[in-house]
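Beneath this line is the structure, given in structure tokens, with notes to follow.
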Amino acid sequence: MRNLTTFLSIAILLAFNACQSPQSNKKDAIGTKIDSLISLMTIEEKVGQLTLYTSDMDQTGAYIRKEYESDIKQGKVGAIFNAYGADYTRRLQEMAVNSTRLRIPLLFGYDVIHGHRTIFPVPLAEAASWNISAIQNAARIAAEEATAEGLHWTFAPMCDISRDPRWGRMVEGAGEDPFLASLIAEARVKGFQGDDLASNNTLAACVKHLAAYGASQAGRDYHAVDMSENILREVYLPPYKAAVDAGAVTVMTSFNDLNGIPATANKFLLTDLLRDEWGFEGFVVTDYTSIMELLHHGVAADTAEAAAISLKAGVDMDMQSGFFQKTLPTLVENKQLDEALIDEAVRRILKVKFQLGLFDDPYRYISKEREENDIMNPAQLEAARDMAKRSIVLLRNEKQTLPISTKVKNIAVIGPMGDNKRDMIGSWSAAGDWSKSVSLMEGLQARYPGANIQFAKGCEIEGTDKTGFREAKQIAEKADFVILALGEAYWMSGEAASRSTIDLPGVQQELAALIIETGKPTATIIFSGRPLTINWLAENSPALLQAWFLGTQSGHALADVVSGYYNPSGKLPVTFPRNVGQIPIYYSMKNTGRPFDANNKYTSKYLDVPNEPLYAFGYGLSYTKFVYSKLQMDKHSITAQDSIRFSLEVQNTGKLAGEEVVQVYVHDQLATITRPVRELKAFKNVFLKPGETQKISFSLPIEALYFYKADLSYGSEPGKFTIFAGGDSNASLSTAFELR
Ligand code: BGC
């Protein structure tokens, strides 16, 4: 009987493949194939398609647990994550294809977040470039490399807005602003998925983590989220939606509960919103064991209930808890669950496997040749360097301390990040090999071949040991220029890396004070996966650069910037607070009924810290200066049928060529619901030669004025609006118009 069914299924598939349908019928043809496949599947095989398990690593390399191997061979698992490499993925795929009755290929997923082997800057750093096409290209290269090692699916882009730098996962996102983050989410999906999912160098994207994970209470990871639907829809949902609209074929649930319902059992999120409202047609995977976690959330009494409520809410694939596998067949057998729900989930998952072309050739992504040629090649490394230099933000540059002349003789590099390769690639660095990353020292040596470059660590990243201070001070005193390289270790941001203080760890600030006291021209470079409270450095370090974690090419990119070979153009995608007490702090706050007034105690402020952040969203300096003027509108009175058209002039008044991110913010002066003091609505990257002036025109669609009203309807209201334009969110050049 078994052989007969196998024969039948293969015959059916071959028949389908032989009569390749024209493009227009492709969708229907896939649907028919899937239906016939489902009709042949046992309940265990169906649930197998809904099951995702991990591969593991030990000293000898990658391995698959014995029980998972046996599951693969019986068709009880349909997807594996953390497995890559041509030989290894081929071995696993052969297990699935050669040993199972229906020969359904496995799907291989992995967290390819900011590069696969060539590691690009961490996502928050990439966001600081405000360079959407470079970000798309970074995702494209990540997909080229990952697919060359047999991968089909990346657990990215992470689209969680975060306004709380205590939360370590801020590093994985695009910062605090929905407009910027949405453009980035879209770019990443397009980069990963390309134009044709079936091509062997495109990866299926996974929009994560639905939803509002970045608003975890008190910045503590996995914590609860409680927010109004207005803020959810206006601030937190847009990047996920943008990624779905860009064609992402999978979505991942988040760990948090949202207004009392854990995301993994949240029908409002996974069905009403995602499928019914947004029209998502792909499949939903849980986060790691998050079905199991429904027990801890206290919304499911046991394994079976946890599985059932998440499936009913709209989950299709169970990552790692094994609860679907353990309970769904029995629930169906006992008539406690409708098998049609399982069929629907299977259908969605098989569809993605078809779209990826795995039924045409389960090995199409596995190529020894591509593995050798398409990984860390010169073009990929060059793109990573380009992205890295664009991600660096110049925060301070007193008396033009930077750039450092290439004629400088003695440079001292001081601090635990100075001769450090390990931390450069940041967290979630996929298959990146940190030993192949370029340290700051190596980058400087390449850029300043004639200089004497001395290094002293001074102290560790953490701890209280100051025995290295003496040597550090000695080399600083002998140098013409000092670079302080300070920051967090790579593991201090990312998952499960929340911090209740976000100061520089250990004794690094004391080291900085000792060195800066020497009076030598000094530039401090901060490496971190989140904003740190660096007030002291902001006042005392003559120059200050935010470098995040820049990936494989870190040292080269930093040397490009400190030498002036590249004029820094990065802008903060997130507000830098003065202390943790200001958190959450973001530029698009509400005004309050008692706006700040220094002369009135009873207005909205603190007794002990200003309301203003240390550095505002959108902020970032250049070695040159940009002057904004002539903000002019076509018409100051428009109707809902018009677009909002205006122009302005930007002049480079300095001596160096440079790139500026021209930012436009809008404030709705009067509405039926309180509106933020300003919201980013447009930006343009402009390159200007010294002395050059450019007229820049914008045309915003009327939807730029839409918002969610008290009844959650979405639209604009007549009234007055202010437009602000400039180089950061404090932009002061403004004009006003009226929507009739
Ligand atoms: C993370 C996800 C990730 C998954 C698989 C989880 O712990 O929250 O972002 O994709 O692990 O590695």
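The values are calculated or read from the model by the stated rules, or taken from the named source; none is laboratory data. It should be emphasised that the depicted structure is a prediction, and the values quoted were computed from it without experimental measurement. With ideal geometry, Cβ positions are generated from the backbone for all residues, glycine too; neighbour counts draw on all protein chains shown. All accessible areas refer to the heavy atoms of the entire protein, side chains included, with ligands and DNA or RNA removed. Shrake-Rupley method; radii C 1.70, N 1.55, O 1.52, S 1.80 Å.
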_Odd one out for GLU477 among (1) touching a Pro at 6+ places or on another chain (Cβ under 9 Å); (2) outside any loop (DSSP other than H, G, I, E, B); (3) open to solvent by 10 Å² or more (accessible area, probe 1.4 Å)_ = (1)
_Can you tell me which condition ASP276 does not meet? The list is (1) over 16 Å from the mean Cα position of the chain (by Cα); (2) within 16 Å of the ligand (Cβ to nearest atom), and all the others hold._
(2)
*Taking only pairs six or more apart or across chains, which ones have beta-carbon atoms under 6 Å, a first residue in region 140-152 that is closer than 14 Å to GLY432 by Cα, and a second residue that is charged (D, E, K, R) and buried (at least 24 other Cβ atoms within 10 Å of the Cβ)?*
GLU145/ARG117
*Would you mention how many residues in region 508-524 are open to solvent by 10 Å² or more (accessible area, probe 1.4 Å) and more than 12 Å from SER541 (Cα to Cα)?*
1
*asked:* So for region 491-505 (the condition being away from the ligand (no atom under 16 Å from the Cβ), within 24 Å of ARG220 (Cβ to Cβ), open to solvent by 10 Å² or more (accessible area, probe 1.4 Å) and assigned to a helix (DSSP H, G or I)), does at least one residue qualify?
replied: yes
*asked:* Can you say whether GLU488 is over 28 Å from the mean Cα position of the chain (by Cα) and among the charged types (D, E, K, R), as far as the supplied structure shows?
replied: no
*Just for region 159-198: of the residues that are open to solvent by 10 Å² or more (accessible area, probe 1.4 Å) and touching a strand residue (DSSP E or B) at 6+ places or on another chain (Cβ under 7 Å), which one is farthest from the ligand (Cβ to nearest atom)?*
PHE179
*Failed condition for GLU471, given (1) under 19 Å from GLN553 (Cα atoms); (2) among the acidic types (Asp, Glu); (3) in a helix (DSSP H, G or I), with all others met?*
(1)
*asked:* Please count how many residues of region 697-722 are open to solvent by 40 Å² or more (accessible area, probe 1.4 Å), of a type in the set (S, T, N, Q) and either touching a Cys at 6+ places or on another chain (Cβ under 7 Å) or in a loop (DSSP other than H, G, I, E, B) (or both).
replied: 1
*What's the number of the condition GLY282 fails, among (1) within 20 Å of ALA205 (Cβ to Cβ); (2) open to solvent by less than 20 Å² (accessible area, probe 1.4 Å); (3) within 14 Å of the ligand (Cβ to nearest atom)?*
(3)
*Could you tell me whether region 546-556 includes any residue that is open to solvent by 10 Å² or more (accessible area, probe 1.4 Å) and either in a loop (DSSP other than H, G, I, E, B) or in contact (Cβ under 8 Å) with a residue 12 or more places away in the chain (or both)?*
yes
*Taking only region 430-471 into account, find how many residues are under 14 Å from GLU510 (Cα atoms) and polar (S, T, N, Q).*
2
_Checking PHE192 against (1) in a helix (DSSP H, G or I); (2) aromatic (Phe, Trp, Tyr); (3) touching a Phe, Trp or Tyr at 6+ places or on another chain (Cβ under 8 Å), only one condition comes out false. Which one?_
(3)
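Taking ASP302 as the residue in question, decide whether it is surrounded by fewer than 17 Cβ atoms within 10 Å (Cβ to Cβ), under 23 Å from ILE104 (Cα atoms) and assigned by TED's automatic domain parsing to the domain that holds GLN49.
Details: surrounded by fewer than 17 Cβ atoms within 10 Å (Cβ to Cβ): yes; under 23 Å from ILE104 (Cα atoms): no; assigned by TED's automatic domain parsing to the domain that holds GLN49: yes.
It is false that ASP302 is surrounded by fewer than 17 Cβ atoms within 10 Å (Cβ to Cβ), under 23 Å from ILE104 (Cα atoms) and assigned by TED's automatic domain parsing to the domain that holds GLN49.
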*Is it the case that some residue within region 587-610 is among the hydroxyl-bearing types (Ser, Thr, Tyr), buried (at least 16 other Cβ atoms within 10 Å of the Cβ) and touching an Asp or Glu at 6+ places or on another chain (Cβ under 9 Å)?*
yes
*asked:* Please count how many residues of region 199-208 are open to solvent by less than 10 Å² (accessible area, probe 1.4 Å) and either away from the ligand (no atom under 16 Å from the Cβ) or touching a helix residue (DSSP H, G or I) at 6+ places or on another chain (Cβ under 7 Å) (or both).
replied: 5
*asked:* Here is a list: THR264, THR271. Which entry is within 15 Å of the ligand (Cβ to nearest atom), in the same structural domain as SER182 (by TED's automatic domain parsing) and assigned to a helix (DSSP H, G or I)?
replied: THR264
*Can SER254 be described as under 21 Å from GLU176 (Cβ atoms) and either buried (at least 24 other Cβ atoms within 10 Å of the Cβ) or in contact (Cβ under 8 Å) with a residue 40 or more places away in the chain (or both)?*
yes
_Looking at region 164-178, can you tell me whether even one residue there is within 15 Å of the chain's Cα centre (by Cα), in a loop (DSSP other than H, G, I, E, B) and more than 15 Å from PRO584 (Cβ to Cβ)?_
yes
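In region 299-343, which residues are in a helix (DSSP H, G or I) and within 30 Å of the chain's Cα centre (by Cα)? Walk me through it before giving the result.
Step one: of region 299-343, the residues in a helix (DSSP H, G or I) are 303-313, 323-333, 339-343.
Across region 299-343, the qualifying residues are ALA306, ALA307, ILE309, SER310, LEU311, LYS312, ALA313, PHE323, PHE324.
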*Leading residue by the ranking (nearest to the ligand (Cβ to nearest atom)) among those in region 106-145 that are outside any helix (DSSP H, G or I) and open to solvent by 10 Å² or more (accessible area, probe 1.4 Å)*: ASP111
*Of all residues in region 324-380, count the ones that are over 30 Å from GLN553 (Cβ atoms), touching a residue at least 40 places away in the same chain (Cβ under 8 Å) and not aliphatic (A, V, I, L, M).*
18
*Can you spot a residue in region 214-221 that is open to solvent by 10 Å² or more (accessible area, probe 1.4 Å) and in a loop (DSSP other than H, G, I, E, B)?*
yes
*Would you be able to say whether some residue in region 238-247 is surrounded by fewer than 24 Cβ atoms within 10 Å (Cβ to Cβ), within 16 Å of the ligand (Cβ to nearest atom) and modelled with pLDDT of 95 or more?*
no
*Boolean, LYS368 is modelled with pLDDT under 95 and away from the ligand (no atom under 16 Å from the Cβ)*: yes
